[in-house]
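K.L.:
I'd like to ask you about the structure that follows.
The values are calculated or read from the model by the stated rules, or taken from the named source; none is laboratory data. Predicted model, so just to flag it, every value in this text is computed and none were measured. Because the Cβ atoms are built from the backbone with ideal geometry, glycine has one as well, and the counts that use them run over all protein chains shown. The protein model used for the area step is the full one, side chains on, heavy atoms only, and it has no ligands, DNA or RNA in it. Shrake-Rupley method; radii C 1.70, N 1.55, O 1.52, S 1.80 Å.
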Amino acid sequence: GDATWLEDPSLAPAKLRSIDELNELLSWCPWDIKADHLRVLVKNEDPSLRWSLGQLAHALIILATFQSLACASFGLGVTTDPDLGVEAVSDDRTEDSLPTCFEEQDNRQIVELLEQNLDIRMEGEDSARNTAAFHEFGELGGSQKGRKLSKEQQEELTRVMETGPVVSAVEADRIRSRCNQAACMSEDKAPQVKLQESEFSWEDHARLLLERHVPDMTEVISQDYQDTLDFSTGGIGNIRVHNTAPIKMAMLFYVHRLYRYAHDSFDYSKTNQYLTLQMKVFLKKLVCFPTRISRCDFARLTAPEHGCVLSFPDVVHMTMICFQAQRVAKLIWVTRALNDMNAKA
């Protein structure tokens, strides 16, 4: 499209502008998308503004992909070409010492757990225990070893979550002001779950709905998603381990947890052990506040002096898992609204 549409959205075609609200909901709070948000587009009385289901599915995949690419871009530390004369990221400071909230966090425990090759699926029907563990899994204040942060450490964690470089982008201020980001994505609280995998999943529901309208694109997304989860370097950092699946699934579950989506067949008391607070902060910033990702967030994951064992390739893989998990979560929520619309037709 024309770049001037970013500077003045009123110049964009009316049909594109008609999905503006849906785009914002998909970006910040996809769990609030309802059947009516889609119905008004596919049943518009004005034929020039009406979207077919195929067009809408195509548009939603594009929107979900490009919104999620923000996490990949900031997570990989991508910067603008100096030849463009635009400094998109500035004032990205380093820290002299590790914030107190990250004390007692040890990546080496993860290696020990991976070597044990634990099964993280639920055993039995202890749903109450898993619900409590699930809530703790979503809380930044909870630690990998079950210890709670002190008041001072919690305050330090809040500062860490609010700190980031200065990011300049076309229309960024307008979008931030229209979407109450803080109301949608809390810095440290666990969001309320609104959907379980057993109710509506990617494989059994969302993917099948999208395949009816855009089969080729859906196949690419599904394959990318699975390939990213299947990929493994065979270890963590330079330490070889038999199975890295638990830590990958823990990252996936944490991102989906932020999207109010739960994998109820897995034991969250086990998965929580695979993520340190540094990892949770990095993932939550990527998903909720990607412009706040800083050099410090990278350093806390990879610095040996901080007890870290992750390598740069590990962080890249973490970022790509986050990207894939975020895109699929957005598509799960919007296809659920599509499913509801079809059920009420």
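K.L.:
Mind counting the residues in region 273-290 that are under 15 Å from ASN107 (Cβ atoms), open to solvent by less than 10 Å² (accessible area, probe 1.4 Å) and out of contact with any Lys or Arg (no Cβ under 6 Å at 6 or more places or on another chain)?
P.N.:
We begin by selecting, within region 273-290, every residue under 15 Å from ASN107 (Cβ atoms); these are 273-283.
Checking which are open to solvent by less than 10 Å² (accessible area, probe 1.4 Å) leaves us with 274-283.
Narrowing the set further to residues that are out of contact with any Lys or Arg (no Cβ under 6 Å at 6 or more places or on another chain) leaves 274-277, 279-283.
Total satisfying the criteria: 9.
K.L.:
Does HIS256 fit the bill of being part of a helix (DSSP H, G or I), farther than 18 Å from LEU113 by Cα and touching a strand residue (DSSP E or B) at 6+ places or on another chain (Cβ under 9 Å)?
P.N.:
On the way: part of a helix (DSSP H, G or I): yes; farther than 18 Å from LEU113 by Cα: yes; touching a strand residue (DSSP E or B) at 6+ places or on another chain (Cβ under 9 Å): yes.
The answer is yes for HIS256.
K.L.:
Looking at region 39-56, I want the residues that are without any contact (Cβ under 8 Å) to a residue 40 or more places away in the chain and have a partner that is part of a loop (DSSP other than H, G, I, E, B) and of a type in the set (Gly, Ala, Ser) with Cβ atoms under 6 Å, at least 6 apart or on another chain. Which pairs are those?
P.N.:
Final answer for the pair search is LEU49/SER18.
K.L.:
Of the residues in region 212-269, how many are of a type in the set (Val, Ile, Thr) and buried (at least 18 other Cβ atoms within 10 Å of the Cβ)? Before you say what the answer is, go through the steps one by one.
P.N.:
Taking region 212-269 as the starting set, the residues that turn out to be of a type in the set (Val, Ile, Thr) are 214, 218, 220-221, 228, 233, 236, 239, 241, 244, 247, 255.
From the residues that got through so far, the ones that are buried (at least 18 other Cβ atoms within 10 Å of the Cβ) too are 214, 218, 221, 236, 241, 244, 247, 255.
Looking only at that region, the number is 8.
K.L.:
Show the residue pairs that are 6+ apart or on different chains and have beta-carbon atoms under 6 Å apart, the first residue being within region 7-35 and without any contact (Cβ under 8 Å) to a residue 12 or more places away in the chain, the second being hydroxyl-bearing (Ser, Thr, Tyr) and outside any loop (DSSP other than H, G, I, E, B).
P.N.:
LEU11/THR4
K.L.:
Looking at (1) over 28 Å from THR291 (Cα atoms); (2) surrounded by 14 or more Cβ atoms within 10 Å (Cβ to Cβ), find the lone condition where ASP36 falls short.
P.N.:
Going through the list (1) over 28 Å from THR291 (Cα atoms); (2) surrounded by 14 or more Cβ atoms within 10 Å (Cβ to Cβ), ASP36 breaks only (2).
K.L.:
Another question, then. Count, please, the residues in region 210-242 that happen to be of a type in the set (Lys, Arg) and modelled with pLDDT of 95 or more.
P.N.:
Here is the first cut: in region 210-242, the residues of a type in the set (Lys, Arg) are 212, 240.
If we keep only those that are modelled with pLDDT of 95 or more too, we end up with 212.
Of the residues in region 210-242, 1 are of a type in the set (Lys, Arg) and modelled with pLDDT of 95 or more.
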